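First comes the structure, then the notes that go with it.
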Amino acid sequence: MLRKNRLFTPGPTPLLPAAQTAMASFSAHHRTADFRALFLRVLADIREFIGSRNDVLVLACSGTGMMEASVANLTSPGDKVLVLAAGNFGERWVGITKAFKCDVEILTAPAGETFSLSETRSRLSPDVRAVYVQATESSTGTRHDIEGIAKLVRANGNDTLLVVDAITGLGTTHLDVDGWGVDMIIGGSQKALMIPPGLAYSAISERAWQRMEKTTSPRFYFDLRKERKAAAKGEAAYTPATSLIAALGASLDFVRAMGNGSVAKGREILVDNAELCAAMTRAAVRALGLRLLSSSPAAAITTIYSPEGMDSGIIIKEFRESFDAVVANGQGDMKGKIFRIAHIGYYDYLDTIGILGALEHVLARCTGGDVEYGAAVRAAQQVYAHTACNKRQLVDA
């Protein structure tokens with residue numbers, strides 16, 4: 001039987017066809033008027049996609065590169081910072097801040113859970129220079145209360161900055177960046193924007209820009225002040241990933257078209273699409289008698305416990321061998337315990353129904369049990385019929 005390779009991972013995600021075409025055909029030099037015009041348009045559209053009036057940057061690096069840049073630019077050695085860690089990517093904040101010799105206070109939450117706001121408040125003090133957190137912890141599929149955390153940080157005073165890794169959250173979660181007072185929010189190209197890995201982007205508040213003039217941590221490539229100066233002219237401080245910038249422009253055009261000329265409206269539709277696919281998947285998983293990991297589930301990804309006594313790697317292998325579909329294992333302590341199905345970016349109703357139908361077959365083959373074929377698909381269809389039967393889904397680009 002013919003099989004198509006399909007990604008259901010939380011990054012890289014399926015590529016937008018129009019972005020692939022733009023990337024393959026782009027050949028302009030980065031110090032030309034043509035590229036400057038493209039880059040300025042991309043920066044303006046990224047600002048609208050994030051939903052911020054602050055200056056934005058696009059760097060040739062992974063999202064982790066921009067995470068490191070946020071620490072290098074906003075802290076000095078010995079600065080006290082608070083890291084909210086509830087999974088592998090929260091632990092990444094811990095590693096980065098320690099590498100830059102910060103005095104790191106860590107608030108943890110168990111896998112699949114989020115942070116108590118009262119405990120978060122208790123860890124804040126006037127000497128905390130920055131708070132680092134994920135919008136979505138993609139290793140566990142958990143959504144954190146960024147609005148609630150932001151209120152606490154702002155109440156702590158202007159000397160405390162809030163930095164949010166929204167690499168998975170942007171385009172899957174409704175975020176009011178400026179209204180909540182997020183000082184630096186970080187995104188990655190290989191997530192909701194449907195292009196390959198290689199670009200990271202960020203909106204940065206004026207408070208954060210002022211902090212950069214006083215901090216003393218070493219930085220060179222990741223000196224964001226250089227990038228801000230270059231971006232104002234439609235350039236990058238160093239050689240940009242020109243083909244990826246072209247792909248990003250095509251992706252943002254697609255988002256604008258979804259929003260009938262508005263990138264912001266298109267972003268809302270993209271988020272709603274992820275929310276719907278996630279709700280369909282959660283209902284399907286329950287119908288099959290499986291357990292969900294997260295008590296605060298994100299729209300970006302659904303995390304599912306493997307059946308009792310079964311390594312989740314067996315399920316992942318069966319998805320690949322039977323359907324050429326790639327779903328993700330757990331990470332860290334959760335490896336072998338859970339599998340993860342993503343809903344970020346270029347997914348629609350048919351993709352979701354397809355992977356859930358495949359899940360029924362995978363479970364039947366892996367467990368040897370009596371799986372009720374159609375149970376997962378029916379549960380998903382009922383969610384769709386109830387919430388979005390008259391709403392337009394993502395269409396081919």
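Miscellaneous remarks
- For peptides 88-101, 128-141, sequence by mean Cβ density within 10 Å, most packed first: 128-141, 88-101
- Pairs from 151/335; 226/335; 4/335 whose Cα-Cα separation, in the structure shown, is over 31 Å: 151/335; 226/335
- DSSP beta bridge pairing in the range 17-258, given as percent antiparallel to the nearest 5: 40 percent
- Viscosity 0.890 mPa s, 25 °C: Kirkwood-radius Stokes-Einstein D of the range 17-258 over Cα pairs, µm²/s: 136 µm²/s
- Summing charges over all other residues whose Cβ lies under 15 Å from the Cβ of residue 41, with Lys and Arg as +1 and Asp and Glu as -1, gives -1.
- Packing-based order for 25-32, 144-151, 195-202, using average beta carbon neighbours within 10 Å, highest first: 195-202, 144-151, 25-32
- 14 Å cut-off, amide nitrogen to a point 7 angstrom out along residue 310 Cα→Cβ, residues in the range 325-346: 336-340
- Rounded tilt (10° steps) of 349-367 against the dominant C-alpha axis of the chain: 60 degrees
- In terms of overall dimensions, the range 145-304 has a Cα radius of gyration and Dmax of 18.2, 56 angstrom.
- Which of 171, 156, 208, positive extreme of dipole for the chain (C-beta unit charges): 208
- Using alpha carbons only, the radius of gyration of the range 230-285 set against its Kirkwood radius gives Rg/Rh = 1.20.
- Secondary-structure-derived ellipticity at 222 nm for the chain, considering helices only, amounts to -13500 deg cm²/dmol, per-run term -39500 (n - 2.57) for DSSP H runs with n ≥ 4.
- Cα shape, the range 306-393, gyration tensor, a/c 1.5 rule: prolate
- Between helix 242-258 and the chain: long-axis angle, C-alpha atoms, 0 to 90°, nearest 10: 60 degrees
- Relative to the dominant Cα principal axis of the chain, helix 312-323 is inclined by about 70°.
Every read-out reported here was derived from the displayed coordinates using simple, explicitly stated rules and does not represent laboratory data. Given the structure is predicted, the values throughout are model-derived calculations rather than measurements. Positions of Cβ are backbone-derived with ideal geometry, glycine not excepted, and every protein chain shown enters the neighbour counts.
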